[in-house]
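Here is the structure we will look at, set down as structure tokens.
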Amino acid sequence: MAKVTINLEVMESMNYFWNATSDKEKVGESYLVTIADHPSMKVLYGEEFSADSVRKVLSAISNREPLRGTKPEMRFWNNNMWMLEDLDFMNMMLNPLKTLNLDDIEVREDTEIVFIPGHMDVCYKDGNKLIVNFFNIKADLYNEDVVTIEDKDMKVWFEEKIWKEFPVLGRR
């Protein structure tokens, strides 16, 4: 029976980055390169945004240096600064993903939901992976049980994406 799994590898690395940076700890370049080189991040890369963009932006944030960059680089910088401004809100976005169970979604083949810190698009398809931009998750400040993507309940959003937009993965 095919199933849906959740991959938070990159987000766990980013969680460390945001917490360490918030605590004014220096995050080494090799750690940033590891994030940038993660295979799931490759869907973001193109002419205006690359693995070096990820390293450059995160390094500037960690070192508290000014940054000049392309529109996607500046969006990436802005999204990461948003997380640093409110780690509690970041945790309200990240914690539900750690317990997210999508076993009741019927799929034709094993499907992996991967969360990454994106810059522009809400999601990407890469084979049997649905790669989701973490920054598009919205937590409700008044009800921590409410988590949405594009103003839809997160589970409903995943079901619709898998069944409608990626039908090869959808219902059997």
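The values are calculated or read from the model by the stated rules, or taken from the named source; none is laboratory data. Here the structure is a predicted model, which is why all the values come from computation and not from measurement. When we count neighbours, we look across all protein chains shown, and the Cβ atoms used for this are built from the backbone with ideal geometry, even at glycine. Heavy atoms of the whole protein, side chains included, go into the accessibility calculation; ligands, DNA and RNA do not. Shrake-Rupley method; radii C 1.70, N 1.55, O 1.52, S 1.80 Å.
Worth pointing out:
- VAL132 closer than 28 Å to ALA2 by Cβ, at pLDDT 95 or above and surrounded by 20 or more Cβ atoms within 10 Å (Cβ to Cβ): yes
- Out of SER30, SER22, SER13, sole residue that is without any contact (Cβ under 8 Å) to a residue 12 or more places away in the chain and open to solvent by 30 Å² or more (accessible area, probe 1.4 Å): SER30
- Top-ranked residue in the stretch 35-91 [being aromatic (Phe, Trp, Tyr) and without any contact (Cβ under 8 Å) to a residue 40 or more places away in the chain; ranked as least open to solvent (accessible area, probe 1.4 Å)]: TYR45
- Hits in the stretch 30-67 (condition: among the hydrophobic types (A, V, I, L, M, F, W, C), more than 24 Å from LYS125 (Cβ to Cβ) and touching an Asp or Glu at 6+ places or on another chain (Cβ under 8 Å)): VAL57, LEU67
- Enumeration of residues in the stretch 88-109 that are closer than 17 Å to LEU8 by Cβ and either in a helix (DSSP H, G or I) or in contact with an Asp or Glu (Cβ under 6 Å, 6 or more places away or on another chain) (or both): MET90, ASN91, MET92, MET93, LEU94, ASN95, PRO96, LEU97, LYS98
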